[in-house]
Structure formats: structure tokens, C-alpha cells
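Here the structure comes first, spelled out in C-alpha cells, and everything after it is commentary.
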Amino acid sequence: MKETEELPRAVPLSAELEAELRTTVVRCRGPRTEEASELVGELLRAGKLEEARQADVAGRTPCGHDTFKLVMEYPLDGEPHTHPCPDCGVITTWRPPALEV
Amino acid sequence: MPIVAADLIALGSLNRPEDDVTTSGGAIDITHRPVFTQFVATDVVEAISDGADVRTLNVTGRLATGAIDTEAIVLTGAVAVAGVKSFERILKLEMSATDGTRTVSVREGVAGPVRATIVPTEQDVSIMFISSASEVGATTRFEKFFWKNTHATLALTTATVDLTADPSANFRFAVVVAKDDSTSVANRKAVPGGVTFFDDNNAQAVPSGSLLATEAIGVWMELALSASEAAAKSTFTTQLAGNTV
């Protein structure tokens, strides 16, 4: 995993690469409360997957940040990267396609 | 009638590797679901159909020793029949054939809770990432499933896919760039091209924003294991969400 202190991209992506990357829209789901995380864990351990899914959805504070803005600031190297969401601070991780290695 | 949750179904891909050398992904397999509830404790498998049914249920699972074993259970219609082998976990439940009307329920233990349901026209359920062990170095594997809108007429609009639970923090997902696709990779250690994988803190939109009636969207799953990671029996939960009229 590449660490968060890695320097972001110095030069913006070319329009061509950005278009190739932006195949879909990706939004940050926002942070989940500690209580909700504990509840989700308990439900998963009990095998109650649907209830866990509902608890996860209900336990988040919606954010909606365009995560691709982060992706485009890091190398498109096929390697995992991680960075806090600029809006809500939740740590997000991604693996971009290897487009410019 | 609007789209309801039961209209949105997770289905498998045609290539479901159980090793690191065979093809992974491909087109949708409408007879297979990568969904069931895992056994809570080591127990026998019991199966029951909802009517006349003499098909065979082929069970593959791990025994308490960790060894993979199989068992064939011949159905006796709507009378429950139990196997004799005790499984610590289930890997696959495969019917010998599809049936146009019969639903088979698979229970954990004799008269126990239903852990899997195989509905008419479908043939099997299984877990993903069977036999995906950690190695000396970090390891990533990629397998694929589909979300399908089975409603006959209505589109799921503003459709998004996300991971709603990843308790082991081992998984990432990527929505493919075209609906009803058939892309595959040479083996499950090969990275699918052209897609970006995200963790459970993100929701990824379906291409074009809507999943029309009978359309399906492929989703690649990434399982990332650290070097020499301890054995674990984990799960992930995903959802397809959207709007309906």
C-alpha cells in the first residue's frame, strides 16, 4: 500500500487519460459512527448479512465527495493508494488501472 | 409495480476459479448465485424441496480438519434428508440439474436454520475466492459477479454499487465500464484492465446511471491478503441501490 504522504501528481492528467479513467462516477459514502461499526460487526458475526448492510447504510453520515478527484492526483500505476477524503476525512483506498507506467 | 429489493439479484460469472491458474470472470451465469449464509457451527447439511424432486444436491465444504470434502444428497421431495458428513463451512452447493418450478432449501443441521435457497431455473450457490490462501508475499486475487435488474419493464435509475460491509478490510470492488459484459482475466491473480477498485467507503455509479429492465452490470472484486496473513473465514456484503417509479 502506498502511504498517504506520497506526493500527489505534479502535472494534471491529460484529457485523454482522464476520460479513460472516468468511466463511472464514484462518490465518498461518508464516515460511519463507532456505534454503527460495532453493530455491523456484531451482526456480521451473527451471520445477519442483510441487517449488517442496513446498519452500515444507516450508520453513515453522507458525504458525496467525487473520489475520482483523488484518484487523478495520484499515479495511475495499478498499485493501491490511500488518502483521507478532503470533505469528511474518511480514509479511502483505491487501485487505479495501470495507464501510465 | 415498482422495483423491489427481490428484483435486484446478485449472480455469478461463468468462470469461477478455485485455483490461481484458470480463467476468472466472463459473462453472466444466470443459474448461479454467489450468495448464501455460512454455517455458524460444524454440522451436517440437510436439504428439502418444496415438492416432488429427486435431484441430487452436491455439497462441497471444509471439514473440521480443514480438509475439503464432498457429499451427494439425493432429495426426497418435500421430506427433509440430511447428509452424514459434518462441514465446518460450505464452499459450494450444486444441484444436479435445474428445475423450472422447485425451490430447494439447504439447512445447517437437522431441522436447523435455512442457510441457502436454490430457486427455480437456478442450479447452484457458492462462495467467492475458494481456497484463496495468503502467501509469503502480499497476494491479490480478482473474481467477478453481476448485479441484475430482473424487473420486466422498469429501469433502476441513479443506480450505484457499493460494499456495505467488509469486516476484514480485505476487499475492494470495481464496476465494469459496460453493462452485460463478458470480460475475463487469464487467472484470478491477473488484474482486470481499465477499472479502478475502491473500498467500502465509496459508491460507484452504474455506467449511464441506470440499470434498465433485465440488464446486468459486472462487478470485479479484489481480495488483498498481506504476506503470511492468518487463516480467516470472512465475508463481504454489497448492494445495488437506486430509484424506481
**Message:** For the range B:158-245, which trypsin sites (Lys or Arg not before Pro) pass both filters: DSSP loop (anything but H, G, I, E, B) and at most 16 other C-beta atoms within 10 Å?
**Reply:** B:Lys189, B:Lys233
**Request:** Using DSSP to define loop residues, name the trypsin sites (Lys or Arg not before Pro) in the range B:32-106 whose beta-carbon has at most 16 other beta-carbon atoms within 10 Å.
**Result:** B:Lys85
**Request:** Please give the contour-minus-distance gain from B:Ser228 to B:Thr56: 0.36 nm per residue of separation, less the Cα-Cα distance, rounded to one decimal in nm.
**Result:** 58.1 nm
**Average other protein chain Cβ within 10 Å of Cβ, residues B:223-236** = 1
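Work out how much length B:Ser182 to B:Val40 would gain on full extension: take 0.36 nm times their residue separation and subtract the Cα-Cα distance, in nm to one decimal.
Details: separation 142, 0.36 × 142 = 51.12 nm, distance 3.47 nm.
So the extension gain works out to 47.7 nm.
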**Complete:** The answer for the net charge of residues other than B:Lys85 whose Cβ lies under 9 angstrom from its Cβ, with Lys and Arg +1 and Asp and Glu -1, is -2
**Message:** Using only Cα atoms and rounding to the nearest 10 degrees, what angle (0 to 90) does helix A:49-58 make with the longest principal axis of chain A?
**Reply:** 70
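Report, for chain B, the % of DSSP beta bridges that are antiparallel, rounded to 5.
95
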**Prompt:** When DSSP assigns beta bridges and you keep just the ones with both residues in the protein assembly as shown, what percent turn out antiparallel, to the nearest 5?
**Reply:** 95
**Request:** Kindly provide log₁₀ I(q)/I(0) values, in the same order as q = 0.09, 0.11, 0.14, 0.15 Å⁻¹, from the Debye equation applied to equal alpha-carbon scatterers of the protein assembly as shown.
**Result:** -0.50, -0.76, -1.22, -1.38
**Request:** Calculate the mean, over all residues of peptide A:17-26, of how many other protein chain Cβ atoms lie within 10 angstrom of the residue's Cβ.
**Result:** 5
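The numbers here are math on the coordinates, done by the rules we state, and not lab data. This one's a predicted model, so the numbers in the text were calculated from it and none came from an experiment. Backbone-built Cβ (ideal geometry, glycine too); neighbour counts: all protein chains shown.
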